[in-house]
């Protein structure tokens, strides 16, 4: 048995959202993930992206707002943008966290939930860190905070905690090295496994790619900045990373699902026989 996990930055409502929503929905139906996480999810009086994507698909959902949201041509209509999780199984507990920020308008958040899966409770945490290439210093603080949140909710001797999201940092950045146990910050260290580094296909695994015209508009370099992290598996194999793919990375009739590509990972959800 496997636990299927999907993470994707939705790019809020930019681009042709109704067409993009159909593309993302097709990917969800194709992958059939058990746990989903979205970043840049907009909620406004006339738009709820989470409901539009998952309504009728039978998932249990939760949401945390990160910052206010509005469109320049509709400034009178106020909403919020944040992170969301969805689970095939009931969500029994939650904690949201506002992350350290720079003191400007860019505020970020994380959401950690405990899911009641058939093989035991699962801790699932989503976040979205600051985007600017020169904001590594604040991402370091945010990474420390979100790791503390994820590990605080990890079931004792249970399924390894899962942390996903758009970290806006490449694998060799200090903030990612901190998450994966390769760098200490402020005298502390943690260790979660990077699914792509462990069981990806050996390619760079770019999730911000100039093959996507919506990403290309930003004139930024190709990078791998979206992740699925997991704690060390149990000795009986429970939680072992089995595979990882870049997904939501194709164009159909001129429509790409988002400006980011998604990350999909599978983990062992059944203990190996002794």
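Quick note: the coordinates plus some simple rules give every number you see, no bench work behind them. Small disclaimer: the values here were computed from a predicted structure and weren't measured. Cβ atoms come from the backbone with ideal geometry, glycine included; neighbour counts cover every protein chain shown.
Fully extended, how many nm does the chain gain between residue 1 and residue 47 (0.36 nm per residue separation, minus their Cα-Cα distance)?
12.9 nm
Would you please classify the overall shape of the chain from the alpha carbon gyration tensor, given that a ≥ b ≥ c denote the square roots of the eigenvalues, rounded means a/c under 1.5, and beyond that prolate means a/b larger than b/c while oblate covers the rest?
Because its axes are fairly even, with a/c under 1.5, the chain counts as rounded.
How high is the relative contact order of the chain, in percent, with contacts defined as C-alpha pairs under 8 Å that are six or more residues apart?
19
May I ask you to compute the full-extension gain from residue 220 to residue 236, defined as 0.36 nm times their residue separation minus their alpha-carbon distance, rounded to one decimal in nm?
Once the chain is fully extended between residue 220 and residue 236, it gains 1.5 nm.
Given labels modelled 7 Å from the Cα in the Cβ direction, how far is it in nm from residue 22 to residue 182?
4.2
Can you tell me the relative contact order of segment 174-236? Whole percent, Cα pairs under 8 Å, sequence separation 6 or more.
Taking the mean separation of contacting Cα pairs over the length of segment 174-236, I get 30 percent.
How would segment 116-274 be classified by its alpha-carbon gyration tensor: rounded, prolate or oblate, with rounded meaning a/c under 1.5 and the a/b versus b/c comparison settling the rest?
It is oblate, given that a/c is not under 1.5 and a/b is not larger than b/c.
So for segment 84-138, Kirkwood radius off the Cα pairs, Stokes-Einstein at 4 °C and 1.567 mPa s: how many µm² s⁻¹?
Here the translational diffusion coefficient equals 100 µm²/s.
D for segment 26-119, whole µm²/s, Stokes-Einstein with Kirkwood Rh over alpha-carbon pairs at 25 °C and 0.890 mPa s: what number?
169
For every helix of n ≥ 4 consecutive DSSP H residues, a contribution of -39,500 (n - 2.57) applies; sum these over the chain, divide by its total residues, and give [θ] at 222 nm rounded to the nearest 500 deg cm²/dmol.
Helix-only estimate at 222 nm: -5500 deg cm²/dmol.
What list do you get for 156, 78 if you sort them by fewest beta carbons within 10 Å?
The order, fewest Cβ neighbours first, is 156, 78.
Rounded, prolate or oblate: which one fits segment 66-157, using the alpha carbon gyration tensor with axes a ≥ b ≥ c (rounded when a/c is under 1.5, else prolate when a/b beats b/c, else oblate)?
oblate
When 170, 114, 148 are ordered from fewest to most other Cβ atoms inside 10 Å of their Cβ, what list results?
The order, fewest Cβ neighbours first, is 148, 170, 114.
Please arrange 248, 47 by how many other C-beta atoms lie within 10 Å of their C-beta, fewest to most.
47, 248
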